[in-house]
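Only one structure is covered here, and it is reproduced in the block below.
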Amino acid sequence: MTDSVRLDARQADRSLVRRMFSRDALYSLAILVLLPNLLFLVVSPWLMVRRIVGPFLYLAAGLLSLFLPKPLNYLCYLVAAAIDGFIIVALAFDMPFDVAFASLRFVPGLNVSTSLLYVGATAYLAIAACIVAHLVDTNRRRLRASSLIPAILAALFLYWVDISTNQYKSKPDEFQSAMQQAGLTSENIVARDRNVLFVLVEGLGAYADPNEREILAGRLRSAAGDRFIFKSGTNTHYGSTTGAMSRELCGKWGTFLDYLDHKPHDCLPARLAQANFETINYDAYDSDLFALRDWYPRIGIQRMNFGEDIEQAHPELAQKHCGTVIRGLCDDDVGEVVKRELAQSSTKRKFVYWLTLNSHLPYEARKDRPLKCRQTDTVIDSPMTCELTEIWMGVFDKVAAIAADPTMPPVDILVVGDHNTPMWSRAEARHFIPGRVDWYYLQSKATPTTTAAQLLTPNSRMLDRL
């Protein structure tokens, strides 16, 4: 290589370095990456906002906007902000992206305007997007001439910060469910010859502190007395609420999308229905959400009771609703209806499935404050964890009342969380074990009167997972 060629190469290298650290390049970094992501970067030590592709979304929007007409420039950034918000919410609730996208059609039925968090976040994303779009539009020539390498490196750095500090969960290699761990297969349920109450509790993760866990466990332990055997444990989860339905009722990882195929599925309620059990659900919210009324019969739910059905049967409950964005009947009221259901005499054994509602985030705190949350002498010093525990206490108290009622027909009771508690605060999230949910089982000591062979048909033998 000649000296002149080496000189040209060194000059080119110096020119590249100067361009990378020029004012224009740093200005591009600030507008295309730093400004759209600044708030998230500032709050990241305290808040867990997972947005794995957010920095790249805004960088791509900025680059595309450099060559778009002004109106499309703003539209491009608003689309990037909408996708960013969509990803934030989907990851917060552990929803696979196909499930989150399919769930968009249910959004009009939610009361999103009641949440200051959602309204404020939406306004911030929209305003920030318009500000950045304006800066891009007024500095097109300068941005086009600058080096993009610093901006790309900055986006990669923000990506690294996100995956290093936030919790990202994938589908577990090993399947687990509370039904499986408690031994509630269809064969065992039929052999035990008693009613079964299955309670799926919204947002109940696995407590990291045994003392906090005992606040709930103690209620069922006390109710067990000498009539039940009390058991408890934790298991992994995947996905959001419908993922928990598939996990516990059908013995596999899945979501509501797996049950929209207009064919019956080999699930626990279906096998119990074949064994002459009556299978019933109670849900405080409308059946439109996740198309539950469409596919519940395909997994074996025979008698469905959603918010609209319960209100029709009990008009007095229609005057009292709880919750915010997902607002429906109050868990305490639905629990009382469930108790009446189990107390009624019947020629068939019952499998009653109760999905709770009021602890869905954003939640509405209880007014009676049994744990004195947000006071100096509170039992749990983290406000959100404390207030959610108060809501769950109401559910557990209702279950305990069912267990403690000596006039109640024999019943086995399983209570389990649907998915990890979706906390935004890092301090609050530390109160729960990532990727796990708690379960509690009250096994009745009543003596069965019917054998499994008498009630199980040849086609209703339960798979190991069910």
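The values are calculated or read from the model by the stated rules, or taken from the named source; none is laboratory data. Treat the numbers as computed from the prediction; the structure is a model and nothing was measured. So basically every Cβ, Gly included, is an ideal-geometry build from the backbone, and we count neighbours across all protein chains shown. Ligands, DNA and RNA are excluded from the accessible area calculation, which covers all protein heavy atoms including side chains. Shrake-Rupley method; radii C 1.70, N 1.55, O 1.52, S 1.80 Å.
Below is a table of values for the structure above.
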item: Span-like helix ranges in the chain, DSSP H, alpha carbon extent 15 angstrom or more, Kyte mean at least 0.5; result: 54-65, 70-92, 116-138, 149-165, 383-404
item: Rounded FRET efficiency, nearest 0.05, which uses the C-beta distance separating ASP381 from ILE83 and R0 of 51 Å; result: 0.90
item: Partnerless Cys - the chain, beta-carbon criterion under 4.7 Å; result: CYS76, CYS130
item: Whether the range 143-235 is rounded, prolate or oblate, judged on the alpha carbon gyration tensor where a/c under 1.5 counts as rounded; result: prolate
item: Portion, in percent, of the accessible area of the chain that falls on carbon or sulfur, probe 1.4 Å; result: 59 percent
item: Mean shadow area of the range 308-435, taken as a quarter of the surface of its Cα convex hull (nm²); result: 9.7 nm²
item: Approximate spin-label separation LEU75-ALA313, in nm, with each point projected 7 Å along Cα-to-Cβ; result: 5.0 nm
item: Spatial extent of the chain: Rg and Dmax, with the Cα atoms as the point set, Å; result: 27.0, 100
item: Förster-model FRET efficiency, 25 Å R0, ARG221 and TRP46, C-beta, rounded to 0.05; result: 0.10
item: Residues of the chain: accessible area per residue with a 1.4 Å probe, Å²; result: 45 Å²
item: Sum of -39500 (n - 2.57) over DSSP H runs of 4+, divided by residues of the chain (222 nm, nearest 500); result: -14000 deg cm²/dmol
item: Prolate/oblate/rounded call for the range 252-363, Cα gyration tensor, a/c under 1.5 rounded; result: oblate
item: Normalised alpha carbon radius of gyration of the range 41-138 [divisor 2.2 N^0.38 Å]; result: 1.15
item: DSSP beta bridge pairing in the chain, given as percent antiparallel to the nearest 5; result: 45 percent
item: Cross-link reach list, aspartates and glutamates versus LYS372, counting only Cα pairs under 13 Å and skipping chain neighbours closer than eight places; result: ASP381, GLU387, GLU390
item: 28 Å Cα-Cα threshold exceeded, pairs from LYS320/LYS398; LYS169/LYS445; LYS263/LYS445; result: LYS169/LYS445; LYS263/LYS445
